[in-house]
Amino acid sequence: MEWAMRMGLLVFILAAAAFLSAIMTIRIAIRGRQVQMPNVVGKSTPDAQTLLQQRGLELKIADKVYDAAPAGQIVRQSPPAGIEVKVSQSAHVVVSLGQMKILVPTLDGESLRVARIALLKSGLQLGEVSAPYLDDAPPDAVLQQSQTPGTQAASPRVDVLIPEGPRPAAFVMPFFIGVPASDAQRQLASAGFTSVKLTPVVAPQWPPGTVIDQSPAAGARAARDAGIEMKVAAAAAPTGDIHPVTD
């Protein structure tokens, strides 16, 4: 019996050693299939492809953009250079189309529609449209553009600034919670608010017709054309809509 136990222990030790050895072999094999991603930014597409193939990697062109770099040169890559990647993984790159040879049209004073058409005719696109409130600028007309008119376009998109005119008058919302809905509506109507929606909500703990919630909240700024919503306490399940007071 003692001999059998010793033999069993020996077999267990040998099996454990073999198992650990197999794990180490697998790790080494996996590690051996990893290489360091080279830096291909600034290289031509053929040179980058050759460099990647030497390490068992592939090249995939993700996009082509206009750039100050010469046409055909790589301007961005993913994954970045220096990280460990598996063999056969692809490097996704962005390739330069070179500088655009398109002159930026003059958009100053034009409407948004006219500016968009002018850019499309030039082979460009309308980019981000900023529309701030400005008191001393004509509304709905281009005041500024991101690329100087008459120069070569640096990118295919041109951002514009089109003011919306003076900022509309806004009011600070009063605190209507606990106020009769009819009183709240009259106060809002006297301030020029025309869109007031009342929603009846079963709330027996409140007197019927009392405002129990409001949006915008008290203290918030609201323009005259903003929609005002108030929940009004109803003693029982509502059978119809509550209509705003108009006089």
(message) Tally up the residues in the range 202-232 that are surrounded by 18 or more Cβ atoms within 10 Å (Cβ to Cβ) and among the hydroxyl-bearing types (Ser, Thr, Tyr), please.
(response) 1
(message) Anything in the range 135-161 that is surrounded by 15 or more Cβ atoms within 10 Å (Cβ to Cβ), over 26 Å from residue 64 (Cβ atoms) and in contact with a Gly (Cβ under 7 Å, 6 or more places away or on another chain)? List them, or say none.
(response) 141, 142
(request) Report yes if residue 114 is more than 30 Å from residue 52 (Cα to Cα), surrounded by fewer than 17 Cβ atoms within 10 Å (Cβ to Cβ), over 26 Å from the mean Cα position of the chain (by Cα) and without any contact (Cβ under 8 Å) to a residue 60 or more places away in the chain, otherwise no. (result) yes
(request) For the range 202-223, state whether one or more residues are out of contact with any Asp or Glu (no Cβ under 7 Å at 6 or more places or on another chain), at pLDDT 85 or above and within 30 Å of residue 147 (Cβ to Cβ). (result) no
(request) Determine the pairs where a residue that is assigned by TED's automatic domain parsing to the domain that holds residue 177, located within the range 215-227, has a partner that is of a type in the set (D, E, K, R) and part of a loop (DSSP other than H, G, I, E, B) with Cβ atoms under 9 Å apart, the partner being 6 or more residues away or on another chain. (result) 223/167
(message) Can you pull out every residue in the range 46-83 that is without any contact (Cβ under 8 Å) to a residue 24 or more places away in the chain and among the acidic types (Asp, Glu)?
(response) 47
(message) Restricting to the range 29-60, and then to whatever is among the β-branched types (Val, Ile, Thr) and surrounded by 14 or more Cβ atoms within 10 Å (Cβ to Cβ), can you tell me which residue is nearest to the chain's Cα centre (by Cα)?
(response) 41
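The values are calculated or read from the model by the stated rules, or taken from the named source; none is laboratory data. Source: prediction; values computed, not measured. All Cβ positions, glycine included, derive from the backbone under ideal geometry; neighbour counts span all protein chains shown.
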